Amino acid sequence: MDNFEKNLEKYAELVVKVGVNVQPGQVLIVNAPIETVDLTRHIVAKAYDAGAKYVQVDWEDEKITRIRYEKAPDDSFGYYPQWQADAMQQLAEGGGAILRIKVPDPELFRGIDSAKVSTAVKAAAVASEKYQDYVRNNKISWSLIKAPTRAWANKVFADLPEEERVPAMWEAVFQMTRVGNDDPVAAWRDHIAQLKLRQNHMNAKRYKSFHYRAPGTDLRVDMPERYLWLGGGDENEAGVYFVANMPTEEIYTMPHRTGVNGTVTSTLPLNLNGRLVEGIKLTFKDGKVVEYEAESGREHLTTLLDTDEGASYLGEMALVPHDSPISQLNRVFYNTGIDENASCHFALGSAYPVNIEGGTKLSKEELLARGANVSLTHVDFMIGSAELDIDGELVDGTVEPVFRGGRWV
């Protein structure tokens, strides 16, 4: 077995044991691009080795996705098969787990009417709302992972000869997921323990607000009462620990829905469902986006903000040092699941109820009353840089530096 095959097998074992943490007797669904068939086969084998009762693979093909947008009737994009949403809900209710290889082509919808994409995304979100409640409340184990596709590798490694791009992407994926270690599972347990130390430190501080400053950014963020920082992974309803994003370098929480004021500027491009948006600038008043700009792709940002009322408010804030292992790769990956772990970020849309004490037991109305945002969407955008300073204000009014020059103080 060559080194690549060994790493592929180690990666599959890592995402099964640490990512979704498959339990004996559990049903697992794997969403996978058809280009990732070799990795997916390894994942299925490792899942059965871990005791899975049944593994269902749902294949995806972006060329087929694009054909729909080119050929389907204009009035069809509001349709989403309810049986598909019901199947996912049934999986969640039965304590199943989901593993998704998420690598959208940043150029997938070039030339496609943005309204079609947004309508389809919203239709899927509306139909899947009950299932998404299971995910956002961490009631089930779920994990998003990465694997190279040709279109993605061509975008990220365009500076390399074509035949070297996919191998370079594999090398990057193995590096950022610690697969190169002799025992990646043990390396991840150590990494998660470090994130927990940072999370516990911030939870002990109980800052009531934060002030972000960088070129193009001057933003004050008030925090809701009894908010919680989380990082690494979390336990599902059955007490099983899982890691929702691999890689992960962040600790994250929720801002107060109406407590965000000022301006923030993005520092990395955003791949918004296969549509690129660059140079985002948002101005907030009492939590809501009141002005917005983008150097390119502004129309895609407009359709995002129009998703529902909550899409114009923040649901997540996350802290990542600018010298994180992914940032040190010095490359834009055009994939939020990776780029957000190279950079501090915010998310427009829904908050995670797990980020407030007792949040998973609250209704949407109760979450809003506690200062948590509610929305059909959740889209992260990156704001970190080597020039970002963040101050935290304690309850007694004392102001302390939290980040200087993009790093923890």
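The values are calculated or read from the model by the stated rules, or taken from the named source; none is laboratory data. Just so it is clear, the model here is predicted, and its values are computed rather than measured. Here Cβ is always computed from backbone atoms with ideal geometry, including for glycine, and neighbour counts include all displayed protein chains. Just the protein is used for accessible areas: all its heavy atoms, side chains included, with ligands, DNA and RNA removed. Shrake-Rupley method; radii C 1.70, N 1.55, O 1.52, S 1.80 Å.
Flag: A120 does not match the condition of being more than 21 Å from R275 (Cβ to Cβ) and open to solvent by less than 60 Å² (accessible area, probe 1.4 Å).
Would you say T40 is closer than 14 Å to K102 by Cβ, under 21 Å from the mean Cα position of the chain (by Cα), assigned to a helix (DSSP H, G or I) and assigned by the TED database to the domain that holds W142? In short, yes. Of the residues making up the range 264-296, those that are open to solvent by less than 40 Å² (accessible area, probe 1.4 Å), within 22 Å of the chain's Cα centre (by Cα) and not aliphatic (A, V, I, L, M) number 8. Annotation note: of K63, K46, K116, the sole residue that is in contact (Cβ under 8 Å) with a residue 40 or more places away in the chain, basic (K, R) and in the same structural domain as K155 (by the TED database) is K116. Could you please find all residues in the range 77-94 being in a helix (DSSP H, G or I) and over 22 Å from K116 (Cβ atoms)? The answer is W83, D86, A87, M88, Q89, Q90, L91, A92, E93.
Looking at L368, is it over 30 Å from Q175 (Cα atoms), in a helix (DSSP H, G or I) and open to solvent by less than 20 Å² (accessible area, probe 1.4 Å)? When the stated conditions are applied, L368 does not pass them. Considering every residue within the range 77-85, establish whether at least one is open to solvent by less than 20 Å² (accessible area, probe 1.4 Å), among the small types (G, A, S), under 26 Å from L305 (Cβ atoms) and modelled with pLDDT under 95. No, that holds for no residue. Note on the range 175-202: residues that are open to solvent by 20 Å² or more (accessible area, probe 1.4 Å) and either among the small types (G, A, S) or under 30 Å from L160 (Cα atoms) (or both) amount to 7. In the range 323-333, what residues are touching an Asp or Glu at 6+ places or on another chain (Cβ under 9 Å) and either open to solvent by less than 10 Å² (accessible area, probe 1.4 Å) or of a type outside the set (A, V, I, L, M, F, W, C) (or both)? Correct list: S324, P325, I326, S327, F333. Taken over the range 1-36, the residue count meeting the criterion of being open to solvent by 20 Å² or more (accessible area, probe 1.4 Å), aliphatic (A, V, I, L, M) and not in a strand (DSSP E or B) is 2. Checking the stated criteria, A311 turns out not to satisfy the condition of being within 20 Å of the chain's Cα centre (by Cα) and part of a loop (DSSP other than H, G, I, E, B). Of everything listed in (1) in a helix (DSSP H, G or I); (2) open to solvent by 10 Å² or more (accessible area, probe 1.4 Å), the single unmet condition for R100 is (1).
Every test in (1) in contact (Cβ under 8 Å) with a residue 40 or more places away in the chain; (2) closer than 23 Å to S324 by Cα; (3) of a type in the set (S, T, N, Q) is passed by T263 save one, and that test is (2).
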